[in-house]
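Please read the structure below before turning to the comments.
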Number of protein chains: 2
Amino acid sequence: MPRPQNPRASRSAALEQPAASGKGSPLAVAKVRPGYQQVADQLRELILEGRINAGERLPTESELTEMFGASRSTVREALRILSSQNLIVTARGAGGGTFVSRPEPRYVSDILEASFGLLSDSEHLTVDHLLEVREILEVPAAGLAAVRRTEEHLAVLRSCFPVRAEDASRAHLFEGNLRFHITIVEAAGNMVLPVITRPIFSVLRTRFLRDAAPPAFWKRVSRDHRDILAAIEDGSEGDARAQMDRHLENLRPTYEEIDVAARGAPGAQGRARAGKES
Amino acid sequence: MPRPQNPRASRSAALEQPAASGKGSPLAVAKVRPGYQQVADQLRELILEGRINAGERLPTESELTEMFGASRSTVREALRILSSQNLIVTARGAGGGTFVSRPEPRYVSDILEASFGLLSDSEHLTVDHLLEVREILEVPAAGLAAVRRTEEHLAVLRSCFPVRAEDASRAHLFEGNLRFHITIVEAAGNMVLPVITRPIFSVLRTRFLRDAAPPAFWKRVSRDHRDILAAIEDGSEGDARAQMDRHLENLRPTYEEIDVAARGAPGAQGRARAGKES
DNA sequence: ATGTTTTAAAGGTCTAACGATTCGCGGGAG
DNA sequence: CTCCCGCGAATCGTTAGACCTTTAAAACAT
């Protein structure tokens, strides 16, 4: 292999205005942008400005082709860009077309998860950082949840405990764990919190915890959760914060041990393998 | 206009596995997915799994065409999807090709900003929620910054104050404001914090504050900032938290007044207009 | 009325070029 | 020998046109 590695400039694109005509060199010019980028930028502008409202239909691909003076392929590539940013959805058939998407929080979480996952590989995003963010977010969230939770939230929280010991697989245990914490941040009544918390949770699991925690760990988690739930049931903000804080402190050592072990023993898991496909 | 509105199902796509073969109906089948989605999904998998590392080159479009048994158009649409998720970058010319992108935190912020902006329109994401998240994030961040800040951070923070009164335009004032807060969360030493804080800041400005704040507001901001800076210079975690908390409480009324005013007086600004293009 | 067939609109896919950009190499000028 | 220029190849960017598939609604038959 002849060093493929790093090509030329990074050429950000994606979410930038073509402008950049500000100060600096008096000969500042805009870099050439591919047609599909220009089309995508303009359409995104229209959507973000609210010129086309959620649920409304965009012109057909043929019409866009005419409007922009570009070929259908170019227009379609622009539409793929927008659709992968969840700004539009497409439907085939007679009443079909391209529609401005109603934003769904779940999409944002998915994107964040992919991004954090990559950042945790190459940039300096460590397990400590992620746990720190969990503390920053979930401790206040637990406090708010104690005040704002509904009966439905409490019901879900009570259902997050393993029913029969040893029946639950690791995956199952983690599922309950995830649901417990996500429900709490949802009960805090602020949409932003679950959107951010969920991807951090996922990354912590897939890249760091990796189902390697011992049963004792899950025992402790279960006990902690009971205490947290009790505080939230009581509606005691301070107590809920304290319990959540304690809980997150408790599980930090396990995450760090597993992380260190994974680093020490190479060839353990998934990332950075030299693929040898068929 | 014959009611364009909401087409059929939302058809999430984007970041899902084709699987879904689990429990539920015994006749569970996978929905038909367009070719470009399948190609994008597979390539994304390869990248996220680390089978292809950052900076490495993917096969050329012609090779992918052969590998997937799809036309070049289809492959290219898949590549556009991945590039808009900042997983790849493309370079033209001889040594060119498609390269796995090194993730940059800034991209994540851009995506979050667009997403939060849309959510603040149609979903229940209010100015109160955003301010609440700022408190949750920035109060602990200020505390951490007081402990972890370097001299460089302090230098930047000191440069964020308006030099001459009335010289600074609203945009300029906000720029300094933004830089001050972002620098603090950066000084906290946790990459995740600025990534999340920046888009929240931007959305608060563009959708709620809209440069409508009176000079008295900016006076107060400036005074608060001085107090916060002093606490961070002192290295006093508790003090820094307290000052930041107070600051955010101080500016809440202004945001809310402007928000209410904008709602009360229609036709004020940008979003939700019935477009009438040429 | 109700069920079936036809039709037309729209996105999805394919093919086959040609254009534009960039790197590296080789030849000519100094 | 060195430097510069230009040429060619590799690769993405763009176009044009055709055909397929899906879907809703209109037309038709029962």
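The values are calculated or read from the model by the stated rules, or taken from the named source; none is laboratory data. These numbers come from a predicted model, not from an experiment. Here the Cβ positions follow ideal geometry from the backbone for every residue, glycine too, while neighbour counts run over all protein chains shown.
Checked against the criterion of being of a type outside the set (A, V, I, L, M), away from chain A (no Cβ under 14 Å) and surrounded by fewer than 18 Cβ atoms within 10 Å (Cβ to Cβ), segment B:175-192 has at least one qualifying residue. Scanning segment B:41-56 turns up no residue that is modelled with pLDDT of 85 or more and more than 13 Å from chain A (Cβ to nearest Cβ). With respect to the conditions (1) more than 28 Å from B:L229 (Cα to Cα); (2) away from DNA strand C (no atom under 15 Å from the Cβ); (3) of a type in the set (G, A, S), B:A142 lacks only one, and its number is (1). Over 23 Å from B:P194 (Cα atoms), crowded, with 16+ Cβ neighbours inside 10 Å and among the charged types (D, E, K, R): which single residue out of A:R158, A:R210, A:R134 fits that description? Residue meeting the stated conditions: A:R210.
Taking the criterion of being acidic (D, E) and without any contact (Cβ under 8 Å) to a residue 40 or more places away in the chain, would at least one residue in segment A:85-108 satisfy it? The answer is yes, given that some residue of segment A:85-108 is acidic (D, E) and without any contact (Cβ under 8 Å) to a residue 40 or more places away in the chain. The combined condition, being free of Cβ contacts under 8 Å to residues at least 12 places away in the same chain, within 15 Å of DNA strand C (Cβ to nearest atom), over 25 Å from the mean Cα position of the chain (by Cα) and within 11 Å of chain B (Cβ to nearest Cβ), is fulfilled by A:R72.
Count of segment A:42-87 residues, restricted to those that are out of contact with any Pro (no Cβ under 7 Å at 6 or more places or on another chain), away from DNA strand D (no atom under 12 Å from the Cβ), assigned to a helix (DSSP H, G or I) and more than 24 Å from B:V39 (Cβ to Cβ), is 6. Residues that are within 14 Å of another protein chain (Cβ to nearest Cβ) and either touching a Gly at 6+ places or on another chain (Cβ under 8 Å) or of a type in the set (S, T, N, Q) (or both) do occur in segment B:218-238.
Scanning segment B:172-188 for residues that are over 17 Å from B:A230 (Cβ atoms) and β-branched (V, I, T) yields B:I182, B:V185.
Within segment B:88-105, the set of residues being assigned to a loop (DSSP other than H, G, I, E, B) and of a type outside the set (D, E, K, R) comprises B:G93, B:A94, B:G95, B:G96, B:S101, B:P103.
Look at (1) at the interface with chain A (Cβ under 10 Å from one of its Cβ atoms); (2) within 16 Å of DNA strand C (Cβ to nearest atom); (3) free of Cβ contacts under 8 Å to residues at least 40 places away in the same chain; (4) not in a helix (DSSP H, G or I) and you find that B:R33 fails only one, number (1).
Taking segment B:101-120 as the range and being of a type in the set (D, E, K, R) and either crowded, with 22+ Cβ neighbours inside 10 Å or at the interface with chain A (Cβ under 7 Å from one of its Cβ atoms) (or both) as the test, the residues that pass are B:R102, B:D110.
So for segment A:121-131 (the condition being closer than 18 Å to B:V133 by Cβ, surrounded by fewer than 24 Cβ atoms within 10 Å (Cβ to Cβ) and more than 8 Å from chain B (Cβ to nearest Cβ)), does at least one residue qualify? No - not one qualifying residue is present in segment A:121-131. So which residues in segment A:75-109 are within 30 Å of A:G189 (Cβ to Cβ), of a type outside the set (G, A, S) and away from DNA strand C (no atom under 11 Å from the Cβ)? Within segment A:75-109, A:Q85, A:N86, A:L87, A:V100, A:R102, A:P103, A:E104, A:P105, A:R106, A:Y107, A:V108 meet the criteria.
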